[in-house]
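A short worksheet on the structure shown next.
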Amino acid sequence: MASKPDATQLVIFGASGDLTHRKLIPALARLECAGQLGSTVSIIGVARREMSDDAFRAELEAAMPQGLEREGFQSLKDRVFYHSADVTSTADIHALQTRLRGLSPSGDANTGRLFYLSLKPELFAKTLGSLAEAGMLAMENRDTPAWRRVVVEKPFGHDLASARTLNQYMHQHLREYQIYRIDHYLGKETVQNILGFRFHNTIFEPLWNRHHIELVQITVAESIGVEKGRAGFYDENGAMRDVVQNHMLQLLALVAMEAPATLDGDDIRNQKVEVLRALHLPDPADLAASSVRARYVAGEVDGKAAIGYLDELGVPKGSQTETYAALRAEVDNWRWSGVPFMLRHGKRMKKKFTEIKVQFRTPPVQLFNRPEGLSDREFRKKLRDGSLCQVRPNILTISIQPSEALSLSFGVKRPGANMVMTPAKLNFNYEDVFQCESAPAYQRLLLDALIGDPTLFLRSDEIDASWRYSDVIIDGWRAADARPISEYPAGSWGPEEADALFEGCEGGWSRG
Ligand code: BG6
């Protein structure tokens, strides 16, 4: 596999959208700046709006952040083009094909094409259909220089049934190795490090199981609400479909998977899918006790008043969509049976952070720091609510954002005559050690798609298994006799009901 793409055209459908301006082009500009793109790669933005190449370039340039992105874009600019087309029109797709041929200096037979579908999900199938009809997806063999690949943005389906239909449709026109289903979380440096950390270091793996781990907690907290212009999309999806079904279940799979035989994409994905398939599917009674859904009401975020979800522009009256989901999930396999995987995601929470906490069991006997005069029951309760956290020695925290770090807490004896244990930490921070910021997720993922490395992209069976689990939760929440949706003030840590999910375990929700 080449480390730099050969003659390639990257065709972005949905070029006037936010993702193109905010993520894709800046990521390509950074690749250009780093010398990883190669002068034979050109970019063709496609959208309905009529626009000249120059107007498109000027629009992108204005959206480019100062720094590497702006510098890279200056050098890339002349290789960026615009083509106006209605993706559902066969005539327009034929015209696009002619344009692409005209723009490929090495000739059609020597140019690889990556089609990036940054479109509304309802347009995926139609666009693929038009491309296939025009013969634009056909590929002689895996190694041809005229390769054709398709990147599909999330959401991949709305539920298991629609994801399967979309998959079947894609497989009518494409081979699996041509399909790159993106989940940008897999492009984050610290997410990739989970595999490295687990399977390069030998000290954790013997402890990485139900015998030594009490619970695993995964948080994706955001302080933003529903972004401008996104309410329609968001309301149809909610926290569960927008973030939990994809990003969070991928994090869970990486934490819980067995070691792959090799670093080959399929070996890694085989192990991830095994975990996703082992997710326990709760029945309605289980679900009520192991999940909380909620939406934010008016509150205060970063010292500023924030409106409630139902008052956001574009949110339909009477919406029942959740902006917060907390789950106590279980992985029913030999390694993890009985270990709660506490998952929590919310919009408009107190602060933005993504983090995984692996909480090791407490010593079987508490020799230290046990306050005198407490009954066993009171003692356990205090351990649970965190007020005796100095008794819990070992938590491994994998911080994914905003800080990219690993820390391991343990207990040490406080100097003095008494035997008092106090918490200490071993810390590793990416920025301090490597003195540079990590590349944005899209930078890595776009390069991988251009050079043909599918490792960090999703396979259809992973998506299938994730929907199988998520559908049970979502359908249970929508059932007529389900508990009504809870509420939490914007800028808070979420609904209090979620604390009850820790029942029987020690500790509570992380505050980052
Ligand atoms: C996207 C969701 O996939 O992920 C957004 O659609 C969410 O609603 C975003 O804000 C979070 O990504 P990150 O990288 O900022 O954690």
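The values are calculated or read from the model by the stated rules, or taken from the named source; none is laboratory data. Quantities reported herein were computed from a predicted structural model and do not represent experimental measurements. Virtual Cβ from ideal backbone geometry, glycine too; neighbours counted across all protein chains shown. Please note that ligands, DNA and RNA were not included when accessible areas were found on the heavy atoms of the full protein model with its side chains. Shrake-Rupley method; radii C 1.70, N 1.55, O 1.52, S 1.80 Å.
Some values worked out for this structure:
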read-out: Looking only at region 200-243, and only at residues there that are part of a loop (DSSP other than H, G, I, E, B) and within 12 Å of the ligand (Cβ to nearest atom), the one that is modelled with the lowest pLDDT; value: 227
read-out: Selected residue (only one of 72, 45 is at negative phi and touching a strand residue (DSSP E or B) at 6+ places or on another chain (Cβ under 7 Å)); value: 45
read-out: Unmet criterion (only one of (1) part of a strand (DSSP E or B); (2) among the polar types (S, T, N, Q); (3) within 30 Å of residue 224 (Cβ to Cβ)) for residue 438; value: (1)
read-out: Residue pairs meeting the criteria (Cβ under 8 Å; at least 6 apart or on separate chains; first without any contact (Cβ under 8 Å) to a residue 24 or more places away in the chain and more than 14 Å from residue 501 (Cβ to Cβ), in region 316-343; second in a loop (DSSP other than H, G, I, E, B) and open to solvent by less than 10 Å² (accessible area, probe 1.4 Å)); value: none
read-out: Residue satisfying all of: in region 138-157; away from the ligand (no atom under 16 Å from the Cβ) and in contact with a Phe, Trp or Tyr (Cβ under 8 Å, 6 or more places away or on another chain); least open to solvent (accessible area, probe 1.4 Å) among these; value: 150
read-out: Filtered residues of region 251-310 (kept if loosely packed, with under 14 Cβ neighbours inside 10 Å and touching a Phe, Trp or Tyr at 6+ places or on another chain (Cβ under 7 Å)); value: 259
read-out: Close pairs (8 angstrom Cβ cut-off, 6 or more residues apart or separate chains): on the phi < 0 side of the Ramachandran plot in region 401-419, outside any strand (DSSP E or B) and aromatic (Phe, Trp, Tyr) anywhere; value: 404/430; 405/430; 406/197; 411/368; 419/368
read-out: Candidates 275, 226, 220, 255 - the one that is in contact (Cβ under 8 Å) with a residue 24 or more places away in the chain and either over 27 Å from residue 460 (Cβ atoms) or touching a Cys at 6+ places or on another chain (Cβ under 8 Å) (or both); value: 226
read-out: Some residue of region 299-308 being part of a strand (DSSP E or B), within 16 Å of the ligand (Cβ to nearest atom), more than 22 Å from the chain's Cα centre (by Cα) and in the same structural domain as residue 234 (by TED's automatic domain parsing); value: yes
read-out: Enumeration of residues in region 112-122 that are more than 15 Å from residue 178 (Cα to Cα) and buried (at least 17 other Cβ atoms within 10 Å of the Cβ); value: 118, 119, 121
read-out: Residues being touching a Ser or Thr at 6+ places or on another chain (Cβ under 7 Å) and either within 16 Å of the ligand (Cβ to nearest atom) or not in a strand (DSSP E or B) (or both) - total across region 354-375; value: 2
read-out: Count of residues meeting criterion [of a type in the set (A, V, I, L, M, F, W, C) and more than 25 Å from residue 36 (Cβ to Cβ)] in region 76-108; value: 6
read-out: Considering residues of region 396-446 that are farther than 17 Å from residue 197 by Cβ and of a type in the set (Gly, Ala, Ser) only, the residue surrounded by the fewest Cβ atoms within 10 Å (Cβ to Cβ); value: 417
read-out: Residues that are under 19 Å from residue 8 (Cβ atoms) and charged (D, E, K, R), drawn from region 58-93; value: 77, 78, 79
read-out: Yes/no for residue 197 being within 12 Å of the ligand (Cβ to nearest atom), in a helix (DSSP H, G or I) and either among the aromatic types (Phe, Trp, Tyr) or more than 17 Å from residue 354 (Cα to Cα) (or both); value: no
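For every residue, the table says whether it meets (1) outside any helix (DSSP H, G or I); (2) modelled with pLDDT of 95 or more; (3) not small (Gly, Ala, Ser).
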{"residue": "151", "(1), (2), (3)": "yes, yes, yes"}
{"residue": "156", "(1), (2), (3)": "yes, no, yes"}
{"residue": "164", "(1), (2), (3)": "no, yes, yes"}
{"residue": "180", "(1), (2), (3)": "yes, yes, yes"}
{"residue": "190", "(1), (2), (3)": "no, no, yes"}
